[in-house]
1. Calculate the translational D of the chain in whole µm² s⁻¹ from Stokes-Einstein, where the hydrodynamic radius comes from the Kirkwood formula applied to all Cα pairs, the temperature is 25 °C and the viscosity 0.890 mPa s.
2. What part of the accessible area of the stretch 16-168, given as a whole %, is carbon or sulfur when the probe is 1.4 angstrom?
3. With a/c under 1.5 counting as rounded, go ahead and sort the stretch 178-256 into rounded, prolate or oblate using the C-alpha gyration tensor (a ≥ b ≥ c being the square roots of the eigenvalues; past the cut-off, prolate if a/b is larger than b/c, else oblate).
4. Using square roots of five times the C-alpha gyration tensor eigenvalues, list the equivalent-ellipsoid semi-axes of the stretch 323-471 in whole Å, biggest first.
5. Considering only the other residues whose Cβ falls under 14 Å of the Cβ of V463, what net charge follows from Lys and Arg at +1 and Asp and Glu at -1?
6. Is any helix in the chain, taking whole DSSP H runs, at least 20 angstrom long along its axis by alpha carbon and on average at least -0.5 on the Kyte-Doolittle scale, and which ones?
7. Based on a Kirkwood Rh over C-alpha pairs, give the Stokes-Einstein translational diffusion coefficient of the stretch 316-371 at 25 °C and viscosity 0.890 mPa s in µm²/s.
8. Where the only charges are on Cβ atoms (+1 Lys, Arg; -1 Asp, Glu), what is the dipole of the stretch 365-514 about its Cα centre, to the nearest 20 debye?
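The values are calculated or read from the model by the stated rules, or taken from the named source; none is laboratory data. Note that the structure is predicted; figures quoted are calculated from it, not measured. As a convention, Cβ positions derive from the backbone with ideal geometry for all residues, glycine included, and neighbour counts pool all protein chains shown. Remember, those area values only see protein heavy atoms, side chains included, never the ligands or the DNA or RNA. Shrake-Rupley method; radii C 1.70, N 1.55, O 1.52, S 1.80 Å.
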Amino acid sequence: MMNIPINSLDDGKVVPLHSFLLSEKQMEGKGLMPMDAEQLREQGHKMVDFIADYYKTIETFPVLSQVQPGYLRKLLPDSAPNYPDSLQHVLNDVQEKILPGVTHWQSPNYFAYFPSNSSVAGFLGEMLSAGLNIVGFSWITSPAATELETIVLDWLAKALQLPGDFYSTGQGGGVIQGTASEAVLVVLLAARDKILRKVGRSALPKLVTYASDQTHSALQKACQIAGLNPELCRLLNTDSSTNYALSPDVLSEAISNDMASGLIPFFLCATVGTTSSTAVDPLSALGKIAKTNELWFHVDAAYAGSACVCPEFHHYIDGVEEADSFNMNAHKWFLTNFDCSLLWVKDRSALIQSLSTNPEFLKNKASQENTVIDYKDWQIPLGRRFRSLKLWMVLRLYGLEGLRSYIRNHIEMAAYFEELVGQDARFKVIAPRTFSLVCFRLLPPLNSADHGNKLNRDLLDLVNSTGNVFITHTVLSGEYILRFAVGAPLTERRHVNMTWQILQDKATALLESL
Ligand SMILES: *Cc1c(COP(=O)(O)O)cnc(C)c1O
């Protein structure tokens with residue numbers, strides 16, 4: 001740790017000496033110059049160097065941060081500095097105090113949750129967006145921000161072979177949300193208001209949503225925010241017989257029962273690539289049921305949607321023609337830095353009817369004449385970042401073919417890991433691998449009291465506490481399962497091999513200790 005000299009001021013507050021000197025110098029000059037182009041050039045280069053060095057040395061950090069809760073308060077002062085400090089001192093603090101508390105999602109040895117990709121293109125796009133720093137809530141606030149977003153979302157709709165109804169040239173279109181959680185919330189609100197316009201607002205407590213018990217908890221949160229009856233957010237049972245996909249029969253029966261009791265089914269959320277085990281709900285069959293019963297049909301492909309730009313994986317979204325809305329996170333597995341969640345709807349007017357406002361201070365000719373998209377009416381907040389820049393840069397600098405080979409490489413590495421697990425009789429692959437996630441567990445010794453749940457929890461802790469890799473877990477059919485999700489941009493086969501070696505070694509140690 002650097003030893004910084006400190007100086008006592010009259011008010012009893014203690015500030016670092018260098019800050020005091022800097023401030024005096026600054027006071028003599030013109031005061032704060034917070035956006036000086038030459039300073040940006042100099043310090044921007046320094047920051048890029050710092051980040052490039054980070055990536056060069058990323059494998060030297062523990063992947064999962066090993067700090068204890070509250071660690072940072074002990075390292076930072078009680079109040080904000082009164083006077084300016086130097087970038088170098090701040091970077092020193094980043095190195096010494098912040099990085100130990102960072103979990104390195106971009107590490108090649110990161111196999112936890114789902115990936116959250118960064119890339120040079122995504123980074124540059126973020127940088128440009130930060131540089132322009134516009135707030136593009138309506139077309140006039142930066143026409144390029146709105147128009148680029150519309151175009152890039154149409155491009156991707158085409159790459160995913162979404163049906164024409166999802167293009168902006170018809171009644172639908174795409175929009176960039178922050179996260180999949182916001183995406184499902186806005187479509188749920190649109191669907192809610194659409195049905196309430198038909199049956200009357202007093203029917204709110206009777207509205208029913210359907211999804212499988214594998215559906216992301218974001219849906220439940222959206223139901224809470226939408227003021228829906230929490231007991232009518234039906235999470236229908238799945239099991240290993242369908243590989244945890246939602247059964248159309250189970251859905252049909254639930255809808256019939258609810259209608260028989262006078263309730264109003266209105267929303268179905270299917271998932272392509274569930275969070276636990278990448279289960280794929282059968283979109284065609286579910287979509288037909290949704291259509292027959294006039295439900296809004298939302299497809300959450302937050303993680304797996306990226307794979308569907310490859311022709312050989314596109315069939316996982318067969319049936320998306322039936323959907324009213326479709327979502328994929330470009331920030332997960334599509335080399336676009338967080339956050340960038342892509343949402344398409346077939347009927348944009350449904351979104352706009354739920355989310356538009358038109359205060360005097362935002363009125364302008366283009367909006368009044370209805371010749372433009374005002375994305376503020378497609379989302380919760382007013383303000384919005386120029387997120388399409390980074391997605392556009394990713395598409396331009398890598399091309400769809402580059403992205404396809406990127407995805408394929410990860411899927412091959414996951415298949416390779418699955419093979420390794422299959423070769424060790426002490427382990428078992430649980431649920432078939434579909435994309436780049438392998439669910440597996442260490443088999444418990446005979447007569448194990450907890451059926452191996454503690455064993456696998458202990459194994460996970462042992463493996464993650466090495467700091468060399470980071471993997472996470474889930475529970476399927478009551479069993480504690482380990483998840484190995486390939487998807488970090490720097491991951492190579494040698495990282496997969498190393499992780500498997502650590503898992504095997506820790507398993508040996510654990511089994512011997514029993
Ligand atoms: C990651 C994920 C989500 C949540 O994503 P956010 O963008 O963080 O809200 C929702 N659904 C699925 C299937 C996911 O994989």
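1. 96
2. 62
3. On the way: a/c = 2.39, a/b = 1.42, b/c = 1.69.
The shape class here is oblate.
4. Numbers: eigenvalues 429, 78, 43 Å².
Listed largest to smallest, the semi-axes of the stretch 323-471 are 46, 20, 15 Å.
5. Working: positive: R441, R457, R483, K506; negative: D458, D461, D505.
Result for the local shell: +1.
6. Working: long enough: 37-56 (28 Å, -0.93); 143-159 (24 Å, 0.53); 180-199 (28 Å, 0.96); 388-423 (44 Å, 0.14); 493-513 (30 Å, -0.53).
Helices meeting the span and hydropathy rule in the chain are 143-159, 180-199, 388-423.
7. Estimated via Stokes-Einstein, D reaches 172 µm²/s.
8. Details: 19 positive and 15 negative charges, 120 e Å.
Roughly 580 debye, rounded to the nearest 20.
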